[in-house]
């Protein structure tokens, strides 16, 4: 059984972990020189974003997709259908790069997996003194901010984190300043079939 967490608010936001074998398998399909650059069709201000094989991605994360379907059923008391990967890409994020607030079009659900999160980014976050959620975090937000209503969820990713969520859930990734490090994430879109 796959353990997972979701905040009780608006849409179903699934967070779980992938194991080291899955991380290694994902890294094998993310070799830069073999991939097509795709940053001209994505929201991110990230120089290196490359398409990856949807079928291979789907096979690697099949256990988490099954757990998401079970969680969705429990959350809404209805099925989300079977998920088919219709787009997948890897992001090699460096200092100053970010993803502005956006949603994913042309699909039903989306995901992000973190396969490499350098310690320098975690250290930067611990030293952060501002009032926002901080450098290197992923932010999900829904609806308006109203007293006693939780409309925002922030998370500093760790290696192996996976999120699956409705494609219309607004989200963004804050930039970090740590030099000479690369954070690797893999994003994907799914259709419900």
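The values are calculated or read from the model by the stated rules, or taken from the named source; none is laboratory data. As the structure is a prediction and not an experimental result, all values here were calculated from the model. Positions of Cβ are backbone-derived with ideal geometry, glycine not excepted, and every protein chain shown enters the neighbour counts.
Annotations
- Residue within segment 113-129 that is touching a helix residue (DSSP H, G or I) at 6+ places or on another chain (Cβ under 8 Å) and outside any helix (DSSP H, G or I) present: yes
- In segment 108-121, of all residues being more than 20 Å from residue 30 (Cβ to Cβ) and buried (at least 16 other Cβ atoms within 10 Å of the Cβ), the one that is modelled with the lowest pLDDT corresponds to 120.
- Residue within segment 19-42 that is under 24 Å from residue 192 (Cα atoms), surrounded by 13 or more Cβ atoms within 10 Å (Cβ to Cβ), out of contact with any helix residue (DSSP H, G or I) (no Cβ under 8 Å at 6 or more places or on another chain) and modelled with pLDDT under 85 present: yes
- Any hit, segment 180-192, residues being surrounded by fewer than 17 Cβ atoms within 10 Å (Cβ to Cβ), touching a residue at least 24 places away in the same chain (Cβ under 8 Å) and within 28 Å of residue 75 (Cβ to Cβ): yes
- Long-range neighbours under 7 Å by Cβ, at least six apart or interchain, first residue at positive phi within segment 76-101, second exposed (fewer than 11 other Cβ atoms within 10 Å of the Cβ): 81/193
- One residue stands out among those in segment 43-86 that are in a strand (DSSP E or B) and modelled with pLDDT of 95 or more: the one that is nearest to residue 28 (Cα to Cα), which is 85.
For (1) closer than 24 Å to residue 3 by Cβ; (2) touching a strand residue (DSSP E or B) at 6+ places or on another chain (Cβ under 9 Å), each residue gets a yes or a no:
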| position | (1), (2) |
| --- | --- |
| 99 | no, yes |
| 117 | yes, yes |
| 137 | yes, yes |
| 140 | yes, yes |
| 143 | no, no |
| 174 | no, yes |
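- Scanning segment 158-179 for residues that are over 24 Å from residue 144 (Cα atoms) and either surrounded by fewer than 22 Cβ atoms within 10 Å (Cβ to Cβ) or without any contact (Cβ under 8 Å) to a residue 40 or more places away in the chain (or both) yields 158, 159, 160, 161, 177, 178, 179.
- Put simply, of 93, 125 the only residue that is closer than 20 Å to residue 175 by Cα and buried (at least 19 other Cβ atoms within 10 Å of the Cβ) is 93.
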